[in-house]
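Encoded as structure tokens, the structure appears first; notes follow it.
A short reminder: the numbers here are calculations on the coordinates, not readings from a lab. Everything quoted here is computed from the prediction, not taken from an experiment. Because the Cβ atoms are built from the backbone with ideal geometry, glycine has one as well, and the counts that use them run over all protein chains shown.
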Amino acid sequence: MSYVCSKPPVWSCSCHCKACQKLSGAPFVSAFSVPSASVEISGETISFTRESDAGNRVRTSSCAHCGTRVFAQSDGAKHLINIFAGTLSDPSGFRPVSNVYLSEAASWIDPPEADFNFPGMPAA
Ligand SMILES: [Zn+2]
């Protein structure tokens, strides 16, 4: 699958929550949020849904061919789509502005420097 995004991110973060750790097998996941209407997705994806701390259903979608997790969307914020930064064709310009869920951060890493640091998920 592939995607094209025509708007700049409205938010970006490194998420240290346990769910992201388990889903990725890594200590944290970096992602950015863009308006859903600005993203064009092509190709086949497979999705699964889990419940967030706030009780929203969060759908995470992967490429059906290689299994790469590409984006996630919450029922609580359908106007946004959260794209995992490692999937950008050129991630060199990406910089996460925040750390979220620092209270769950893996004990074996120092979280990356960011402008905003939150113990959980800040209110939208
Ligand atoms: Zn997370």
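Would you work out the relative contact order for region 2-109, in percent, from Cα pairs under 8 angstrom that are 6 or more residues apart? Value for region 2-109: 32 percent.
With charges only on Cβ, +1 for K and R and -1 for D and E, what is the dipole size of the chain about its Cα centre, in debye, rounded to 20? List each step's numbers first, then the result.
Values: 9 positive and 10 negative charges, 53 e Å.
For this selection, approximately 260 debye.
Here the alpha carbons of the chain define both size measures, Rg and Dmax, at 13.8, 38 Å.
When the chain is treated as a GNM with alpha-carbon contacts under 10 Å, the residue of S61, S52, S107 showing the greatest mean-square fluctuation is S107. The stretch between H79 and V97 holds 4.5 nm of extra length on full extension. This uses 0.36 nm per residue minus the Cα-Cα distance. Working note: Karplus 6.51/-1.76/1.60 with θ = phi - 60° gives region 94-104 the couplings 7, 9, x, 7, 9, 10, 10, 6, 4, 5, 10 Hz, where Gly and Pro are set to x.
A cut-off of 5 Å between modelled amide H atoms, ignoring neighbours fewer than 5 places along the same chain, links V97 with S12, C13.
Write out the GluC sites (Glu not before Pro) in region 5-64 meeting two conditions: DSSP loop, and at most 11 other Cβ atoms within 10 Å of their Cβ. Don't jump to the answer; show the numbers that get you there.
Numbers: sites: E40, E44, E51; in loops: E44.
Passing both the DSSP loop test and the Cβ count: E44.
Positive-end ranking of A77, V29, T45 along the dipole of the chain, with charges on Cβ about the Cα centre, is headed by T45.
In this structure, the amide hydrogen of M121, modeled 1.01 Å from its nitrogen in the peptide plane, lies closer than 5 angstrom to those of Y101, counting only residues at least 5 positions away or on a different chain. Take every Cα pair under 8 Å whose residues are at least 6 apart in sequence, average their separation, divide by the length of region 55-113, and the relative contact order is 20 percent.
Mind listing which trypsin sites (Lys or Arg not before Pro) in region 17-124 are in a DSSP loop and have 15 or fewer other Cβ atoms within 10 Å?
Working: sites: K18, K22, R50, R57, R59, R69, K78; in loops: K78.
For trypsin sites (Lys or Arg not before Pro) across region 17-124 that sit outside H, G, I, E and B with at most 15 neighbouring Cβ atoms in 10 Å, the list reads K78.
Taking θ as phi - 60° and the Karplus parameters 6.51, -1.76 and 1.60, the scalar couplings of region 70-75 work out to 10, 8, 9, 9, 9, 4 Hz in sequence order, x denoting glycine and proline.
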